[in-house]
Amino acid sequence: MSDRSRLPNPQQLVPALAEVGAALFKAVGNGAIPRSTISLIQLRAGQIVGSTYLTALHTGNLRAAGESEDRIAAVATWRDAPSFTEPERAALALTEAVLLPAAHGERVTAELYDAAAKHYDETALATLAMAIGQVNFFVPLALIGKPLPGRPPAEQWTPVPA
């Protein structure tokens, strides 16, 4: 494991990234979905795409928000873990449907949509879609750039050469 990321800090290379990130954070934080649910689905997304950085980031966010270690550890196996609510399960199922290839047919079936719609209104469903998209916006930077997990933001990236 390297003690440097592959890329220099993308926010320094592309300053508009800060604005885009802030706008996504604001849109997802509109209050339609509990912040804990957003963090759970973003942790699951990091696990699915195989990003240690994103997995560590969202695990840390959940810990900072007071989530139990049992719930954090169970995200990868949420289907048979007893600690998730039905709305959380619906959100995790949507996350997996969007991110994992379907063996056949649609990824988000009518049945899955209807199950999620039992727990979330249209604004909340749109917010869930944006939350999945928010983490996925950063997936290429996480996988290509390989920021260093568990480090403060200023230390995650190789400094931009002067």
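The values are calculated or read from the model by the stated rules, or taken from the named source; none is laboratory data. Everything numeric here is computed off the predicted structure, so don't read it as measured data. Reconstructed Cβ throughout: ideal geometry from the backbone, glycine too, with neighbour counts over all protein chains shown. Accessible surface is based on the protein model in full, side chains and every heavy atom, while ligands, DNA and RNA are left aside. Shrake-Rupley method; radii C 1.70, N 1.55, O 1.52, S 1.80 Å.
At 1.4 Å probe radius, can you tell me the per residue accessible area of region 1-140 in Å²?
Numbers: 7630 Å² over 140 residues.
Accessible area per residue, region 1-140: 55 Å².
Summing charges over neighbours of residue 137, with a neighbour being any other residue whose Cβ is under 14 Å away from its Cβ, gives 0 when K and R count +1 and D and E count -1. Dividing the Cα radius of gyration of region 1-92 by 2.2 N^0.38 Å, with N the residue count, gives 1.22.
Charges only on Cβ, +1 for Lys and Arg, -1 for Asp and Glu: so what's the dipole of the chain about the Cα centre, in debye to the nearest 20? List each step's numbers first, then the result.
Values: 13 positive and 15 negative charges, 109 e Å.
The dipole of the chain has a size of about 520 debye.
Can you bin region 1-55 into rounded, prolate or oblate? Criterion: square roots of the alpha carbon gyration tensor eigenvalues sorted a ≥ b ≥ c, rounded for a/c under 1.5, prolate for a/b above b/c, oblate for the rest.
Working: a/c = 3.65, a/b = 1.26, b/c = 2.89.
It comes out oblate by the Cα gyration axes.
Could you put 58, 119 in order of accessible surface area, largest first, with the 1.4 Å probe and the full protein assembly present? Please list the in-between numbers first.
On the way: 58 15, 119 80 Å².
Result, largest first: 119, 58.
With Cα atoms defining each centre, region 103-135 and region 18-96 are spaced 15 Å apart in the structure. For region 56-151, what is the relative contact order in percent, using Cα pairs closer than 8 Å and at least 6 residues apart in sequence? Answer for region 56-151 is 26 percent. Among the listed values [x] 16.1, 47; [y] 16.4, 54; [z] 19.6, 67, the one matching Rg and Dmax of the Cα atoms in Å as calculated from this structure is [y].
Report, to the nearest whole %, how much of the accessible area of the chain belongs to carbon and sulfur atoms, 1.4 Å probe, protein only. Present the calculation step by step, with values, prior to reporting the outcome.
Values: 5350 of 9020 Å².
Roughly 59 percent of what the probe reaches on the chain is carbon or sulfur.
Name the shape class, rounded, prolate or oblate, that the alpha-carbon gyration tensor gives for region 40-86, where a ≥ b ≥ c are the square roots of its eigenvalues, rounded holds for a/c under 1.5, and otherwise prolate holds if a/b is larger than b/c and oblate otherwise. Judged from the Cα gyration tensor, region 40-86 comes out oblate (a/c at least 1.5, b/c at or above a/b).
In the neighborhood of residue 52, defined by Cβ-to-Cβ distances under 13 Å, what is the net charge if each Lys or Arg adds +1 and each Asp or Glu adds -1?
Values: positive: 146, 151; negative: none.
After counting each charged neighbour, the total is +2.
Accessible surface comparison of 48, 132, 144, probe 1.4 Å, protein chains only, largest first: the order is 144, 48, 132. Using +1 at the Cβ of each Lys and Arg and -1 at the Cβ of each Asp and Glu in the chain, identify which of 56, 136, 159 lies farthest towards the dipole's positive end. The residue sitting most towards the positive pole is 159. Here the relative contact order of the chain, from alpha carbon pairs under 8 Å that lie six or more residues apart, stands at 42 percent.
Please determine, in degrees from 0 to 90 and to the nearest 10, the orientation of helix 86-99 with respect to the longest principal axis defined by the Cα atoms of the chain, where the helix direction is its Cα long axis. The angle comes out at about 60 degrees.
A probe of 1.4 angstrom, applied to the heavy atoms of all protein chains, finds residue 108 with accessible area near 50 square angstrom.
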